[in-house]
Amino acid sequence: MNGPALQDRPSASASWRIALPHSAAAVPVARALVRTALAELEHGADSDTAELLTAELVANAVEHTAGDTPIELVVELLPTGCQVEVHDPDPAPSGHLTQPDTTDPDPWQEHGRGLLLIRALSSSCGHRPTETGKAVWFRLPAAPPQWHPA
């Protein structure tokens, strides 16, 4: 198989990948993909939260990376919840989001509220280098089944 191979995944997981335009038009497309993906999960993560956080990551990637190279959205459904990643072509951890006087830039240091929302509302979040740039991600837990007292 040409190109990077996906890691082996448990049969209980599924993933979606889509290239998005490097424009504001990417945000509603990304929200729709996340909503559709989470509808597939029996006890899915909170779709509203997932859509909000995805919109923040996509908007951030579009606004703060140069050029018109598409960004990529990856939504992975796991038995324990979901993970959403946004890949962009900028290898810097976050360009403008880094603190200028640090040797280990942190993309989660931001002037606005978007990435702080992601930190507050996700179960975990982070960033990692990729072969073509970086990926910024968050995870949401699956909502537990509704408990009804006897």
task: For Ala143 and Ala32, calculate 0.36 nm times their separation in residues minus their Cα-Cα distance, and state this gained length in nm to one decimal.
output: 38.0 nm
Amide proton proximity set for His22, modelled H, under 5 Å, gap of 5+: Ile71
- request: Note the full-extension length gain between Leu121 and Ala39 as 0.36 nm times their separation in residues minus their Cα-Cα distance, in nm to one decimal.
  value: 27.6 nm
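Each value in this text was obtained by applying a stated rule to the coordinates, not by laboratory testing. Just so you know, these numbers come straight off a predicted model, no measurement behind them.
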